[in-house]
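Worksheet for the structure shown next.
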Amino acid sequence: MSFKIYNSLSRKKEVFKPIHKGKVSIYTCGQTVYDDLHLGHARTYSYWDVLVRYLRYKGYEVTHVQNFTDVGHLTSDADEGEDKIEKRAKERKVDPYALVEKFIQRYFEDLDALNLNRADIYPRATQHVQEMIDLTKRIIKSGYAYEKDGNVYFKVRKFKDYGTLSPTPILQKKSKCRVHADTNKNDPNDFTLWRKVDSNVIMKWDSPWSVGVPGWHVECSAMSMKYLGETLDIHGGGYDHLYLHHPNEIAQSEAATSKRFANYWMHTTFMTLNGEKMSKSTGNMLLIRDALKMYDWEALRLTLVSSHYRKQIDFNKSNVRNSEALLLRVYRVFERVQESTGGKSESLNKWIREYRVSFEKAMDDDLNTPKAVDVTMLFLKKVSQSLGNKKSILEKSVETVKELLRVLGLRLDKEIVIGVTSGSSVKVTLSWKELVKKVSGSLKKKNKIDGLMEQLISLRVEARSKKDYATSDDIRTALKKAGVELEDTDSGVKWRVK
Ligand SMILES: [Zn+2]
């Protein structure tokens, strides 16, 4: 089956054909590093991770480059405002380079915690200014840019297909342009390739035109060309880049090289939080690191990829709860396989093959991750109905589910400790609250909790016999918080730790 990508440039799904057989070059626009990442960022980066993982699963040799913008990005995506990093550094009275260092480190902490594979190369804008100057020179030479008062601008009207990527018209009539527009520009639509800066700006470089900084858009073109060549296979970014940043990347790259810049353009849509747009400016956002304090990382990761990347989703508690329930079902089937002694049947073999085919079919269709999750759940249902299969086939089913769901970024390697206890005739030495505290502590130290669980379950049995369901429920809830789940079965109370 061939892999299809919805190409934002042609606005339709196309069969993916790499430039070099068996190899894929991917550039994705990265973070402007002046703050912590929120879940919207996590969602976009999770999909690039899924894209890379899936292409590798299909046997491609992938090179993924993602930049860090550590200079040049103004507070508006267009040529207005202050440099975001200089501004934040000034507010916090820190060196801008130190600010950048701090947030790059935190970027990795956050995305590592969500099990995102790192890109192969992370170029930083500040370390590629020479490449940006060289590219700007080429653009001037090809006649698409001009210098005025130390600044260099790109002539957008000269570039024939300017803005075809954007879903809405990108060129504005002069009268509609904002009053504060840069008066050096021949046309207010022109964008900056090099900007002269004041002497009090800390991050600045020498250039043939002035002491200044590169424009934000030119960074991505220069860095992607350096590492991936003048034409790359896939360029990705958030949906907002469709309207300005990416059309500008195309214009300046193609003006310099006369070659197509990227063959496939992929864009992720936004995620809302509790029904409203997630945004730093309104404060309606949840940082990755805060979300990780509230929820299990694997449930979070599943939530982030559980809708299609081009479909807007809302992040809320009930979505995460759904993911938790789904994961619980997955682990339950693994557990049943682990406990099963197996039989003689081999009927599952056929389903394993079919499961792989339908998973690939879903992913080949422009990374249809929700469908891939659906077919997994259907397969797991089949597995739990087929426990009479040979143990080796049952184990192969589990391995196949793990292999495929790892393409979505899950690990599915939580160890499951299971115990069953009747809870009768046990000497109880502490209150249930103290016991739960001890359970929690023992789990952290990876110590056995069998004895403590015996006591707790005994207390719970006692409470239930007195019809004190409130206490019985409190014990269950407190244990769940500590990481232990209870299940009432015919043979006693089953508990499990994940
Ligand atoms: Zn970019």
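For the reader, a short list of remarks on this structure follows.
- Of all the criteria given as (1) of a type outside the set (Phe, Trp, Tyr); (2) under 29 Å from VAL357 (Cα atoms); (3) in a strand (DSSP E or B); (4) within 16 Å of the ligand (Cβ to nearest atom), the one not satisfied by VAL62 is (4).
- Beta carbons closer than 8 Å, at least 6 apart along the sequence or on distinct chains, pair a first residue in segment 216-228 that is in contact (Cβ under 8 Å) with a residue 12 or more places away in the chain with a second that is near the ligand (Cβ under 8 Å from one of its atoms) and β-branched (Val, Ile, Thr) for TRP216/THR69; GLU219/THR69.
- Some residue of segment 186-195 being touching a Ser or Thr at 6+ places or on another chain (Cβ under 8 Å) and either among the polar types (S, T, N, Q) or in the same structural domain as ARG88 (by TED's automatic domain parsing) (or both): yes
- Condition broken by LYS204, with the remaining ones in (1) modelled with pLDDT under 95; (2) within 22 Å of ILE139 (Cα to Cα); (3) open to solvent by less than 10 Å² (accessible area, probe 1.4 Å); (4) more than 13 Å from the ligand (Cβ to nearest atom) satisfied: (3)
- Residue selected from segment 156-167 under the condition in a loop (DSSP other than H, G, I, E, B) and open to solvent by 70 Å² or more (accessible area, probe 1.4 Å), by the criterion nearest to ASN7 (Cα to Cα): THR164
- Strands (runs of 3 or more DSSP E) completely within segment 394-498 that count 1 or more residues being of a type in the set (D, E, K, R) and either at pLDDT below 95 or open to solvent by 80 Å² or more (accessible area, probe 1.4 Å) (or both): 484-489, 492-497
- Residue selection: ASP95 satisfies the criterion of being among the acidic types (Asp, Glu) and more than 16 Å from the ligand (Cβ to nearest atom).
- Among the residues of segment 31-46, those identified as open to solvent by 10 Å² or more (accessible area, probe 1.4 Å) and in a loop (DSSP other than H, G, I, E, B) are TYR34, ASP35, ASP36.
- Within segment 208-257, considering residues that are of a type in the set (Val, Ile, Thr), closer than 21 Å to PRO188 by Cβ and open to solvent by less than 10 Å² (accessible area, probe 1.4 Å), the one nearest to the ligand (Cβ to nearest atom): VAL218
- Residue list for segment 309-368, filter: assigned to a loop (DSSP other than H, G, I, E, B), closer than 30 Å to ILE288 by Cβ and of a type in the set (Ser, Thr, Tyr): TYR309
- Selection from segment 117-145 of residues that are touching a Phe, Trp or Tyr at 6+ places or on another chain (Cβ under 8 Å) and open to solvent by 20 Å² or more (accessible area, probe 1.4 Å): ARG118, ILE121, TYR122, ARG124, THR126, ILE140, TYR144
- Subset of segment 293-334 (residues that are of a type in the set (A, V, I, L, M, F, W, C) and more than 21 Å from GLY238 (Cα to Cα)): MET294, TRP297, ALA299, VAL320, ALA325, LEU326, LEU327, LEU328, VAL330, VAL333, PHE334
- Among all residues of segment 51-60, there is at least one that is under 22 Å from MET266 (Cα atoms) and surrounded by fewer than 13 Cβ atoms within 10 Å (Cβ to Cβ).
- Filter result (under 16 Å from the mean Cα position of the chain (by Cα) and of a type in the set (D, E, K, R)) within segment 306-339: ARG310, LYS311, ASP314
- Criterion applied to ASP77, ASP49 was being of a type in the set (D, E, K, R), in a loop (DSSP other than H, G, I, E, B) and either modelled with pLDDT of 85 or more or over 15 Å from VAL407 (Cα atoms) (or both), and the one residue passing it is ASP77.
- The residues listed here are THR376, THR303; of these, the one that is open to solvent by less than 20 Å² (accessible area, probe 1.4 Å), within 30 Å of ALA482 (Cα to Cα) and either modelled with pLDDT under 95 or more than 19 Å from the chain's Cα centre (by Cα) (or both) is THR376.
- Yes/no for THR28 being open to solvent by 10 Å² or more (accessible area, probe 1.4 Å) and within 16 Å of the ligand (Cβ to nearest atom): no
The values are calculated or read from the model by the stated rules, or taken from the named source; none is laboratory data. Treat the numbers as computed from the prediction; the structure is a model and nothing was measured. Backbone-built Cβ (ideal geometry, glycine too); neighbour counts: all protein chains shown. Keep in mind that these areas ignore ligands, DNA and RNA; they rest on the heavy atoms of the full protein, side chains included. Shrake-Rupley method; radii C 1.70, N 1.55, O 1.52, S 1.80 Å.
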